[in-house]
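J.: Pasting a structure below so you can have a look.
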Amino acid sequence: MRVEIQLINELGRALFTSERASKSAKHTGDLQLCEERHAEYGRHVLVARLQDTRGGIREPIVPILLDAKVLWVQGTELRIRGTERIEGVEYAQAWVAKVLPC
């Protein structure tokens, strides 16, 4: 599913709406939600990925969300939250995603 996302947090800190407009860029790519075995957690987790598939290679655009949960879906928008790992540290993160036409 092709979507445009905007990150809600920066290093685990929630961005105010005005900060999101200036600090948080919008990213476009293919959204994938799947369950994967995670060795460090010792269990299966739901993983959300935003990938660039234009060159035929699935390249991540933003860090993956581990333990992802879909919070709401309304029309063509949805919100997903989870934890992202940056340089070995996990931070809370949420994405607002808008489904784009094919």
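J.: How far apart, in nm, are the 7 Å Cα→Cβ label points at E59 and A14?
T.: Each label point is offset 7 Å from its Cα along the Cβ direction, giving 3.4 nm.
J.: What value, in deg cm²/dmol to 500, does the helix sum -39500 (n - 2.57) over DSSP H runs of n ≥ 4 give at 222 nm once divided by the residues of the chain?
T.: Computed mean residue ellipticity for the chain: -1500 deg cm²/dmol.
J.: Out of A39, A14, A68, any idea which swings most in a Gaussian network model of the chain, alpha carbons joined below 10 Å?
T.: Most flexible of the set in this elastic network: A39.
J.: Do any trypsin sites (Lys or Arg not before Pro) in segment 28-68 lie in a loop, going by DSSP, with at most 11 other beta-carbon atoms within 10 Å of their beta carbon, and if so which? Show your work: numbers first, answer last.
T.: Numbers: sites: R37, R43, R49, R54, R58; in loops: R54, R58.
Taking segment 28-68 and a limit of 11 other Cβ atoms within 10 Å, the loop trypsin sites (Lys or Arg not before Pro) found are R54.
J.: Which Cα, out of A92, A68, L78, lies furthest along the positive dipole direction of the chain (beta carbon charges, K/R +1, D/E -1)?
T.: Of the candidates, L78 comes out farthest on the positive side.
J.: Follow-up question, since we're still on this one. Along Cα→Cβ, 7 Å out, is where each label goes; now give me the distance between the ones at R2 and Y41 in nm to one decimal.
T.: About 3.0 nm separates the two model spin labels.
J.: R85 to A21: FRET efficiency via 1/(1 + (r/R0)^6), r the Cβ-Cβ distance, R0 25 Å, to the nearest 0.05?
T.: 0.45
J.: At 25 °C and 0.890 mPa s, what whole-number value in µm²/s does Stokes-Einstein give for the translational diffusion of segment 1-73, with Rh from the Kirkwood sum over Cα pairs?
T.: 179
J.: How much length is gained on full extension from W72 to V99, taking 0.36 nm per residue of separation minus their Cα-Cα distance?
T.: Gain on stretching W72 to V99: 8.4 nm.
J.: Would you look at the GNM of the chain, springs on alpha carbons closer than 10 Å, and say which of G56, G29, G12 moves the most?
T.: With Cα springs under 10 Å in the chain, the top fluctuation among G56, G29, G12 is at G56.
J.: The chain: longest stretch without exposed GluC sites (Glu not before Pro) (DSSP loop, at most 15 other Cβ within 10 Å), sites themselves excluded?
T.: No qualifying site falls inside 41-86, the longest such stretch.
No value in this document is a laboratory result; all are computed from the given coordinates. This is a predicted model, so every value here is computed, not measured. Every residue, glycine as well, gets a Cβ built from its backbone with ideal geometry; the counts of neighbours run over all protein chains shown.
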